[in-house]
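What follows is a set of notes on a single structure, which appears directly below.
The values are calculated or read from the model by the stated rules, or taken from the named source; none is laboratory data. If you're wondering where the values come from, they're calculated on a predicted model, not measured in any experiment. FYI the Cβ positions are ideal-geometry reconstructions off the backbone, even for glycines, and counts take in every protein chain you see.
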Amino acid sequence: MTPEYRTVLIELLYQLADDNFILAYRGSEWLGLTPHIEEDVAFSSINQNAMGHAAIYYQMLEDLGEGKSDDLAHLRAPAAFRNAVLLELKNGPGNYWDAPDYDWAFAVVRHFFFDVFKSIRLNALKKSGYPPLAAAAGKIVTEQAYHLMHWETWFVQLMMSTDEARRRMEKALSLCWADAGGLLSLGKWGAVMAEHGLTATEAEWRDQWRQAIGQSFARVGYVPIGEPGMAHGDGRNGEHTADLGEALSILSEVYRSDPQATGW
Amino acid sequence: MTDSVHRFYEEYEVFSRKKGDLPLEHRFSLLAPNMEMAMILAKENFFRREPVADLWIVKRSDIRKMTQSEREAFGRLEKPYRETRGYGDLNERWRAFKARAGESGDAGP
């Protein structure tokens, strides 16, 4: 393994781990707040799956000598995170413990955008030249079809529902579209990752994502304005919003205050 | 829940088969606004930890259930000759029949 190969492999693994980690956290903040209890159970289960996927990637980073996987999740500075900015944004005004006024339309569109992308990325990674990554992708992809089906059902139904639902969904769509480009980015090392055969190229999965999302948009008669953007910067290069720092300080509070408490 | 929420969500009954050749079993009920939503929610609410080969979703209001008067009307007298247990003494009867036939000089079938 050349130093360059190792560097870009680690960058890629952080993108994969951090995407799943932070969105699973945002999803877990919805616990008890979704439209009804059956959805609460289904959504929680999906979040647990995604957290499990993050754990697989953090373990691969531990195996490469990056440190303990729990430390990687809890103790890194926000600038060390490589998740797409779209996935770190708050669910809405308030906090889960204090006057949450979360936006379900935003949750549906964000998860739908991500899971369409995640499916494309996993299928590409099954052919990764790094065997542990190819094996992990093959394992994770088995849970992905249901996640996608779940969010696609919500997306289509809310888009085709009442005028109010449509208005709220279109608002969420423009918010997510403005940062969807950050999902598709591979960051500054992207070209090198593809050269080493670790991933498909950024252009390849951008085209696949645009095509898949375009088909869903056609089903519900929606036309986006312009191309997916990176309004809040490219998280793959360590650019993040204050929302990420706040989330990390909340989720790591127990871990930082008492390592014994999490020793199990 | 308010009345309008109750009208929006409906009760669905969930049936499943563990394997393709096993009979369909009633498993659970859930609330959902429509059938497609009921399907995706049934999957993750009830089959996170066990395999499922087939899943049927039925709106509870579409099921013709039995009424109390029907429950009473469907009562019946015991008729053992309509059940297997009414024929438990067949061998014994057959022996007795053969014995009687032997006495009269007719060997029977």
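Quick notes on this one:
- Against the numbered list (1) within 11 Å of chain A (Cβ to nearest Cβ); (2) assigned to a loop (DSSP other than H, G, I, E, B), residue B:37 comes up short only at (2).
- Meets criteria (within 24 Å of the chain's Cα centre (by Cα) and within 13 Å of chain A (Cβ to nearest Cβ)) for residue B:28: yes
- Candidates B:43, B:18: the one that is in contact (Cβ under 8 Å) with a residue 24 or more places away in the chain and at negative phi is B:18.
- Restricting attention to region A:5-42, the residues being closer than 24 Å to residue A:124 by Cα and either modelled with pLDDT under 95 or buried (at least 18 other Cβ atoms within 10 Å of the Cβ) (or both) number 16.
- Residue A:51, sole failed condition from (1) closer than 19 Å to residue A:253 by Cβ; (2) at pLDDT below 95: (2)
- Restricting A:24, A:42, A:50, A:17 to those that are within 11 Å of chain B (Cβ to nearest Cβ), in contact (Cβ under 8 Å) with a residue 12 or more places away in the chain and hydrophobic (A, V, I, L, M, F, W, C) reduces the list to A:42.
- Considering (1) within 20 Å of residue A:81 (Cβ to Cβ); (2) out of contact with any Leu (no Cβ under 6 Å at 6 or more places or on another chain), the lone condition that residue A:201 does not fulfil carries the number (1).
- Looking at B:98, B:65, B:79, B:43, just one residue is surrounded by 10 or more Cβ atoms within 10 Å (Cβ to Cβ), of a type in the set (D, E, K, R), more than 20 Å from residue A:42 (Cβ to Cβ) and out of contact with any Asp or Glu (no Cβ under 7 Å at 6 or more places or on another chain), and that residue is B:98.
- Filtered residues of region A:40-85 (kept if over 30 Å from residue A:131 (Cβ atoms) and touching a helix residue (DSSP H, G or I) at 6+ places or on another chain (Cβ under 8 Å)): A:41, A:42, A:43, A:44, A:78, A:85
- Condition check for residue B:7: loosely packed, with under 11 Cβ neighbours inside 10 Å and either part of a loop (DSSP other than H, G, I, E, B) or at pLDDT 95 or above (or both): no
Yes/no matrix, rows are residues, columns are (1) assigned to a loop (DSSP other than H, G, I, E, B); (2) touching a residue at least 12 places away in the same chain (Cβ under 8 Å); (3) surrounded by 15 or more Cβ atoms within 10 Å (Cβ to Cβ):
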{"position": "A:155", "(1), (2), (3)": "no, yes, yes"}
{"position": "A:171", "(1), (2), (3)": "no, yes, no"}
{"position": "A:186", "(1), (2), (3)": "yes, yes, yes"}
{"position": "A:203", "(1), (2), (3)": "no, no, no"}
{"position": "A:214", "(1), (2), (3)": "no, no, no"}
{"position": "A:219", "(1), (2), (3)": "no, yes, no"}
{"position": "A:236", "(1), (2), (3)": "no, yes, yes"}
{"position": "A:247", "(1), (2), (3)": "no, yes, yes"}
{"position": "A:255", "(1), (2), (3)": "no, yes, yes"}
